[in-house]
Amino acid sequence: MPRYLFRLHDGPETPPLIEDVDAFDDRDAKDLAQMRLLLTRDYTHAQIYRGAYKVAELTRDSASG
């Protein structure tokens, strides 16, 4: 399983929380990040990386729809 990095942001002035996540593929990583945003109000958006490659960036609005 590939390892992904989630950078979870709470506004522009707060350093992001970094989480390592194992996922089957990019789609699975996006789904996990969406759930992470939906399950807490602590973060406004998430960036998803696989190594140096940026897979996606999700905001709370895109996570709910």
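The values are calculated or read from the model by the stated rules, or taken from the named source; none is laboratory data. None of the values given here were measured: they were computed from a predicted structure. Glycine gets a Cβ as well: all are built from the backbone with ideal geometry, and neighbour counts include every protein chain shown.
Could you check the chain for strands (runs of 3 or more DSSP E) lying wholly inside it with 1 or more residues that are without any contact (Cβ under 8 Å) to a residue 24 or more places away in the chain?
17-22, 53-59
Out of the residues in segment 17-42 that are touching a strand residue (DSSP E or B) at 6+ places or on another chain (Cβ under 8 Å) and not aliphatic (A, V, I, L, M), which is farthest from Thr59 (Cα to Cα)?
Asp22
Within segment 4-16, count every residue that is modelled with pLDDT of 95 or more and either aliphatic (A, V, I, L, M) or out of contact with any strand residue (DSSP E or B) (no Cβ under 6 Å at 6 or more places or on another chain) (or both).
The number of residues fulfilling the criteria is 2.
Can you tell me which residue within segment 40-65, out of those that are surrounded by fewer than 14 Cβ atoms within 10 Å (Cβ to Cβ) and closer than 21 Å to Met1 by Cβ, is nearest to the chain's Cα centre (by Cα)?
Of everything passing the filter in segment 40-65, Lys54 is nearest to the chain's Cα centre (by Cα).
Give segment 29-43 a look and list any residue that's modelled with pLDDT under 95 and of a type in the set (D, E, K, R), or say none.
Correct list: Arg36, Arg41, Asp42.
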